[in-house]
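These notes are about the structure you will find just below.
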Amino acid sequence: MIEDLNEDELKIATGLVSKGFSMAKASMEQILRSPISIRKIEYGTSEMDPVKFGKSDSKVHVIKTELMGELRGNSHLIFSETEVSKLYQSCLLPSVVNDDSNESTVMKLGFLTEIDNMVSAAVITEFSNFLGVEMYGRVPSLKVIKANEIENYLEEESSELKQIIHFKAVFEGKELDISSDFIWVFHNKFIDKIKTLV
C-alpha cells in the first residue's frame, strides 16, 4: 500500500509514477496527433463514477495490459462509447469508420489496442529502467462492458494480486473532447523496490 511509504520513499514513488504517466501522455499525443493533458493523478483505490460514462447501461471500452516479469500487475485504459466514436472519427479514414464489415471492425478495435499498447509500453519502460527490473506487457485485450459493471470488473481483474497498489491518471484531450482513465494495479513488490532506492 502507498501508505507504507515514508516521506522520502513516497517522493520517489510519486515522481516515478508522474514521469511514467508523462511518457504515456506523450505517446498518446503522438498516436492521436492532438494535445493531451494529465488532469490529475490519484494514488490508492478510487471509486469509478459510472455517471462519467453516460447512463448506467452505457458501453465502456476497457483495454487491459497484463504486466509480466519481476513486477506483476495490470493496466487498464478506459474510454466511453462516445469517446471511442470521437477517436475513430478523428484518427481513422472515413471509409473505415463508416464501414460495419468484419474487416473494418477489426481495424477499429486494433486501433484502440494499439493506443493502449503504446501508452502502456511508455510507462513499463520508465518503471523497468528506474527500478532495474525485467517487466513487459502482454498483448492488450479489449472488453466492452456496461458502465455500472466497471467497478466489479476492475476488482475481479485485480483479485489475484494480493497487497496491491493503485495509480490512476485522467488523460484529457480538449480538442478531441475525451477524458480517459488510465489505471495501474501492481503487486506490493513495487513498494519493496521503492524502499530499496532510499
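What the table below lists for this structure:
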quantity	calculated
Failed item in (1) more than 22 Å from SER128 (Cα to Cα); (2) of a type outside the set (Gly, Ala, Ser); (3) not in a strand (DSSP E or B), with VAL17 passing the rest	(1)
Failed item in (1) part of a helix (DSSP H, G or I); (2) surrounded by fewer than 15 Cβ atoms within 10 Å (Cβ to Cβ), with ALA121 passing the rest	(2)
Near pairs, Cβ below 9 angstrom, 6+ apart or cross-chain, from the stretch 7-20 (surrounded by 16 or more Cβ atoms within 10 Å (Cβ to Cβ)) to any residue that is part of a helix (DSSP H, G or I) and small (Gly, Ala, Ser)	GLY20/ALA122
All positions within the stretch 23-40 that are exposed (fewer than 15 other Cβ atoms within 10 Å of the Cβ) and closer than 11 Å to ALA169 by Cβ	SER37, ARG39, LYS40
Options PHE186, PHE111, PHE182; residue that is touching a Leu at 6+ places or on another chain (Cβ under 7 Å), of a type in the set (A, V, I, L, M, F, W, C), under 17 Å from LYS64 (Cα atoms) and at pLDDT 95 or above	PHE111
Residue match in the stretch 31-38 (condition: in contact with a Phe, Trp or Tyr (Cβ under 6 Å, 6 or more places away or on another chain), at pLDDT 90 or above, in a loop (DSSP other than H, G, I, E, B) and not aromatic (Phe, Trp, Tyr))	yes
Failed condition for VAL133, given (1) assigned to a loop (DSSP other than H, G, I, E, B); (2) buried (at least 17 other Cβ atoms within 10 Å of the Cβ); (3) aliphatic (A, V, I, L, M)	(2)
Among residues of the stretch 67-88, those that are within 15 Å of ILE115 (Cα to Cα) and not aromatic (Phe, Trp, Tyr), counted	10
Residue that is farthest from MET28 (Cα to Cα) [pool: residues in the stretch 42-70 that are aliphatic (A, V, I, L, M) and modelled with pLDDT of 90 or more]	MET68
Residue within the stretch 185-193 that is in a helix (DSSP H, G or I), farther than 22 Å from GLY15 by Cβ and free of Cβ contacts under 8 Å to residues at least 24 places away in the same chain present	no
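For every residue, the table says whether it meets (1) out of contact with any helix residue (DSSP H, G or I) (no Cβ under 8 Å at 6 or more places or on another chain); (2) at positive phi; (3) surrounded by fewer than 18 Cβ atoms within 10 Å (Cβ to Cβ); (4) not in a helix (DSSP H, G or I).
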| position | (1), (2), (3), (4) |
| --- | --- |
| GLU114 | no, no, yes, no |
| GLU126 | no, no, no, no |
| GLU151 | no, no, yes, no |
| LEU154 | yes, no, no, no |
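The values are calculated or read from the model by the stated rules, or taken from the named source; none is laboratory data. Everything numeric in this text was worked out from a predicted model, so none of it was measured. Positions of Cβ are backbone-derived with ideal geometry, glycine not excepted, and every protein chain shown enters the neighbour counts.
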